[in-house]
Amino acid sequence: MIGALGTLIWRDVRQSYASGGTWLPVIFYLSAATLFPFAVGPDRDLLLQTGGGILWIAALLATLLPLDRLVQPDLDNGLYDQLLVRGITDELIAFARLISHWLAFGPPLLFAALLASGLMGLEGPPLITLLASLAIATPALAGLAVMIAALTAGLKGAGALGGLLLVPLAIPLLIFGAGSLADQSGSALLFLSAVSLLLVAITPFAAGAALRAVRE
């Protein structure tokens, strides 16, 4: 069972990088960061005050881009049915998908944030805090993406519906993540860690239940 899950994770990560699906959120993220200084002007103080929040919003929106390829293709080709025959539960399938999606989504997004922060003038402690908050939150964003992809699998207009579901669920991450940039005590990062752990823990069960419901 462990070998099958490892193979599934490696396959998903390899396919994501090879198909270019990994780089679409990165390109979107960098594009949003590039356009923002043009919109607000070259005021360094204004960019420093608002840049971190904009980079967090861009990360949240970038999470929406791969929703349609996380679950639906494997449902259509019967892969999940084959794994169930081997004794792998829906929850384990969802957990493996969470891991593979984070490996394909999290590190590239952090690299993009490092590049984009230069456009906002972020450096020193604010930059470290931004990267730390995104590193904490990317597993939760990946979990939300997998959960919503499973919930909307097989539905018409799944992409738009996924966006409507993701945004309210991700608001706590956005509040504590963006808020950590102005919080000197570090409590915002602690709350962000708690929310991220909760979402990661919920994802396999919620997504697994959704996968069962789709097949039934």
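Below is a table of values for the structure above.
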| read-out | value |
| --- | --- |
| Residue list for region 75-99, restricted to those being surrounded by 15 or more Cβ atoms within 10 Å (Cβ to Cβ), part of a helix (DSSP H, G or I) and of a type in the set (Val, Ile, Thr) | 93, 99 |
| Residue satisfying condition, being assigned to a helix (DSSP H, G or I) and within 21 Å of residue 107 (Cα to Cα), within set 165, 141, 211 | 141 |
| Unmet criterion (only one of (1) open to solvent by 60 Å² or more (accessible area, probe 1.4 Å); (2) of a type in the set (Gly, Ala, Ser); (3) in contact with a Gly (Cβ under 7 Å, 6 or more places away or on another chain)) for residue 182 | (3) |
| Selection status of residue 114, hydrophobic (A, V, I, L, M, F, W, C), surrounded by fewer than 21 Cβ atoms within 10 Å (Cβ to Cβ) and under 17 Å from residue 61 (Cβ atoms) | no |
| Members of region 1-46 found to be at pLDDT below 85 and either touching a strand residue (DSSP E or B) at 6+ places or on another chain (Cβ under 6 Å) or of a type in the set (Lys, Arg) (or both), listed by number | 44 |
| Near pairs, Cβ below 9 angstrom, 6+ apart or cross-chain, from region 168-187 (in contact (Cβ under 8 Å) with a residue 60 or more places away in the chain) to any residue that is among the aromatic types (Phe, Trp, Tyr) and assigned to a helix (DSSP H, G or I) | 173/56; 174/56; 177/56; 178/56; 181/56 |
| Index of the failed condition, residue 120 passing every other in (1) open to solvent by 20 Å² or more (accessible area, probe 1.4 Å); (2) farther than 30 Å from residue 85 by Cα; (3) modelled with pLDDT under 90 | (1) |
| Per-region count, region 1-40, residues crowded, with 16+ Cβ neighbours inside 10 Å, free of Cβ contacts under 8 Å to residues at least 60 places away in the same chain and among the polar types (S, T, N, Q) | 0 |
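The values are calculated or read from the model by the stated rules, or taken from the named source; none is laboratory data. Please read all numbers here as calculations on a predicted model, not as lab measurements. In this analysis, Cβ positions are derived from the backbone assuming ideal geometry, glycine residues included, and neighbour counts consider all displayed protein chains. These area figures cover heavy atoms from the full protein model, side chains too; ligands, DNA and RNA do not enter into them. Shrake-Rupley method; radii C 1.70, N 1.55, O 1.52, S 1.80 Å.
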